[in-house]
Amino acid sequence: MTPPTSISLTDGPSTATGLQFAVTRNDAARSVEEREQILADPGFGNYFTDHMVDICWSAKGGWHRPRVSPYGPIQLDPSAAVLHYAQEIFEGLKAYRHADGSVWTFRPEANAARMQRSAHRLALPALPVEYFLDSLKQLIAVDSDWVPSAPETSLYLRPFMFAKEAFLGVRAANKVAYYLIASPAGAYFSGGVKPVSIWLSDHYSRAGKGGTGAAKTGGNYASSLLPQAEAAEHGCAQVLFLDSLEGKYLEELGGMNVVLVYKDGTVVTPESDSILEGITLESVLQLARDRGHKVEQRRVTIDEWRVGVESGDIVEVFACGTAAVITPIGELKAEGFTVGDITAPAGELTMSLRQELTDIQYGRLPDRHNWLTRLDS
């Protein structure tokens, strides 16, 4: 994006946390016509709004210098710790345009808390929940026009934090940066929600016991890219990982959690200390409980999935995450076997839960659990 030709610096209003954000408007912001053209077909992660937020942290000064600035390149020293030791975490959530034009997000406190847990594992400072929420509101205050209004669209919000101290010693960095950027997102399933095929990786692991699997850090995703490419070679949309010790217990997909639905209505999801806690997953399980379904979080073997589908005991399987919300899984492929039927329709409970969750997010159903936070007020 072209940098601003001139800078207008103003002080934003004090927030509930007492932070005073300096706001630098982007004089090279896209025109209304350019923005509308992008919002008509944004895809996912292809375009970014005109501004970003950043807050600095140092061991001596704590969190300081909160700013809203024009979106643009970040300058880093070649010896910045993140480039050598991968001390980095991130989050993902969405802003939704409701029918009355207001802008809301879904369970941001949970994202903030998960970011704190990730920070602890990566030896990074914990960003206070209030600062996290303030950053979302500050960005929406200048870029609310980027929140699309078409069905199933949203503004994807990407908070991230990394070690920026310039040094090559192997220790936790004393200087860290928190940023927030945003990208308009189109409907994930432009042609309608359809079951997908999943590839079972039998020789790659996503994370090991005691590792960083429960943290949302880039290294976990980097390690999934090669097996993800292997899945694509076999005509599959995602890769499923097993535990690293015994190689028989379900973990998660490359970036989504797995849920199995049994014929008696029981909803089961794998439990492991190397699985990232999913906010969408927690929400889906709560909606299932609200309906009276028994919900279990426990260890699940790959054989339980195989035998359960073949016997008819498991009647639906789906994946869930921020981007796609819920994706029905029609088929599991591996070297030597295939389970399921990709041509079968998506499961009734799968689609019903997806509809209920998205209706809450977009304000079409009452928010019984107080999951929504308004960002534009």
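What FRET efficiency would be calculated for the residue pair A123, Q286, taking the C-beta separation as r and a Förster radius of 35 Å, to the nearest 0.05? E between A123 and Q286, to the nearest 0.05, is 0.65. As an equivalent ellipsoid, segment 147-268 spans semi-axes of 29, 25, 14 angstrom, where each value is the square root of five times an eigenvalue of the C-alpha gyration tensor, largest first. Normalised by the number of residues in the chain, the average gap of Cα pairs under 8 Å and 6 or more apart makes the relative contact order 17 percent. Considering only A319, A28, A177, the Gaussian network model of the chain with Cα springs below 10 Å gives its largest mean-square fluctuation to A28. In a simple Cβ point-charge model (Lys, Arg +1; Asp, Glu -1; nothing else charged), the chain has a dipole of about 1020 debye relative to its Cα centre. Each of Y188, P151, A173 was placed along the dipole of segment 134-224 (beta-carbon charges, centred on the mean Cα), and the one lying farthest toward the positive end is A173.
For segment 83-230, report the % of Cα-Cα distances exceeding 18 Å. That fraction is 65 percent.
Restricting segment 300-377 to GluC sites (Glu not before Pro) that sit in a DSSP loop and have at most 15 other Cβ atoms within 10 Å of their own Cβ leaves E335.
Look at where the Cα atoms of segment 65-128 and of segment 189-228 average out, and the two centres are 21 Å apart. When the alpha-carbon atoms of the chain are used, the pair Rg, Dmax equals 21.4, 67 angstrom.
Looking at segment 246-317, the pairs of alpha carbons with a distance over 17 Å make up 41% of the total. As an exercise, identify the GluC sites (Glu not before Pro) in segment 217-285 lying in DSSP coil whose Cβ has no more than 16 other Cβ atoms within 10 Å. Loop-located and lightly packed - E246, E271, E277.
Between E33 and H84, the simple spin-label model (points 7 angstrom out along Cα→Cβ) gives 5.0 nm. The alpha carbon convex hull volume per residue for segment 300-377 rounds to 138 Å³.
Here the sum of -39500 (n - 2.57) over DSSP H runs of 4 or more residues, divided by the residues of the chain, equals -8000 deg cm²/dmol at 222 nm, to the nearest 500. Cross-link pairs exceeding 31 Å between alpha carbons, from the set K60/K209; K137/K209; K194/K216; K137/K194: K60/K209; K137/K209; K137/K194. A 1.4 Å probe run over segment 97-139, with the rest of the protein chains in place, finds 38 Å² accessible per residue.
The values are calculated or read from the model by the stated rules, or taken from the named source; none is laboratory data. Everything quoted here is computed from the prediction, not taken from an experiment. Counting neighbours? That spans all protein chains shown, and the Cβs are built from the backbone with ideal geometry, glycine included. Remember, those area values only see protein heavy atoms, side chains included, never the ligands or the DNA or RNA. Shrake-Rupley method; radii C 1.70, N 1.55, O 1.52, S 1.80 Å.
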